[in-house]
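Structure first, commentary second.
The values are calculated or read from the model by the stated rules, or taken from the named source; none is laboratory data. Given the structure is predicted, the values throughout are model-derived calculations rather than measurements. Cβ placement follows ideal geometry from the backbone for every residue including glycine, while neighbour counts extend to all protein chains displayed. Note: accessible area is taken over every heavy atom of the protein model, side chains too, but ligands, DNA and RNA are not part of it. Shrake-Rupley method; radii C 1.70, N 1.55, O 1.52, S 1.80 Å.
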Amino acid sequence: MPLTAHEDCLLVCVDAQPGFYPEDLPDRPRALEALARAAWLAALAGVLEVPVVATEEEPERNGGTSIALPPGTPVLNKPTFGLAGTPEILQAVRDTGRGTAVLVGFETDVCVYQSAVGLLDSGLRVIAAEDATFSPGEMHARGLARLRDAGVALTHCKALAYEWVRTVEGLAMLPRPAPFRL
């Protein structure tokens, strides 16, 4: 897999909403960690001028997007599990003119997976940041396996960030503090 150039990427934030990590969720700390990493990656995308598209599933039930997004980020209602099934969202992705979609958000085995497959089918290269996606329990690992089997490249936030900035000088652009050791 070649290094990932930020100039070719868009970040897709899938359903990062509180309804997917309720207070009584046993592995809520893992969800919050994934959310913090997704937020960090969105902040870096803002610094590097990587376009961001965010989706929300039933915001009236699940709440709004829980992370700060760069100014001007479209936040679109997603009535389908896979974002490509909603023409307005797929058009927003295409309108960025970028060839690589980096996915973060919830839930790995359903909406992230189906969105990734739809984006692959529409001709994009797709990468999932495995530490910035989440599903409860065993479903996260199962979702990652299905993503890999479908042809989605898996990475983690730190690796992607270093690929996006490429140089020691570029490290100064990384948002601080990071939710992991840089």
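Please report the net charge: other residues with Cβ closer than 15 Å to the Cβ of Pro22, K and R +1, D and E -1. Display every interim value, and only then the final one.
Values: positive: Arg28, Arg30, Arg61; negative: Asp15, Glu23, Asp24, Asp27, Glu57, Glu58, Glu107.
For residues surrounding Pro22, the net value is -4.
Taking amide H positions as placed in the peptide plane 1.01 Å from N, state which residues far from Leu76 in sequence (5 or more) or on other chains have amide H under 5 Å from it.
Those qualifying (amide H under 5 Å, at least 5 residues apart or on another chain) are Ala54, Thr55, Glu56.
Please give, to one decimal in nm, the separation of the simple spin-label points placed at Asp8 and Glu58, each 7 Å out from Cα toward the Cβ.
Taking the two extended label points, one gets 3.8 nm.
Could you compute how much accessible surface Phe20 exposes when probed at 1.4 Å, giving the result in Å² to the nearest 10?
Number for this one is 30 Å².
I'd like the Kirkwood hydrodynamic radius of region 113-162, using the inverse of the mean 1/r over distinct C-alpha pairs, in Å.
Details: mean 1/r = 0.0894 Å⁻¹.
After inverting the pairwise mean of 1/r, the radius is 11.2 Å.
Of all the stretches in the chain, which is the longest one without any exposed loop site, taking GluC sites (Glu not before Pro) in a DSSP loop (any state but H, G, I, E, B) with at most 15 other Cβ atoms within 10 Å? Walk me through the numbers before you get to the answer.
Numbers: sites that count: Glu23, Glu49, Glu138.
Between the exposed loop sites, the longest stretch runs 50-137.
With springs only between Cα atoms under 10 Å apart, run a GNM on the chain and tell me which of Thr86, Thr108, Thr133 wobbles the most.
Answer for the Gaussian network model of the chain: Thr86.
Okay, helix-only estimate at 222 nm for the chain: each DSSP H run of n ≥ 4 adds -39500 (n - 2.57), divide by all residues, round to 500 deg cm²/dmol; what do you get? Display every interim value, and only then the final one.
Details: 6 runs with 64 residues, N = 182.
It lands at -10500 deg cm²/dmol.
Over the chain, what number does the Rg to Rh ratio reach, with both radii from the alpha-carbon atoms and Rh per Kirkwood?
Values: Rg = 14.8 Å, Rh = 16.0 Å.
Expressed as Rg/Rh, it is 0.93.
Under 5 Å between amide H atoms, partner at least 5 residues away or on a different chain: which partners does Asp131 have, H built in plane at 1.01 Å?
Hits under the 5 Å cutoff: Cys157.
In nanometres, what is the gap between the two model label sites at Glu88 and Leu25, each 7 Å from Cα along Cα-to-Cβ?
Between Glu88 and Leu25, the simple spin-label model gives 2.5 nm.
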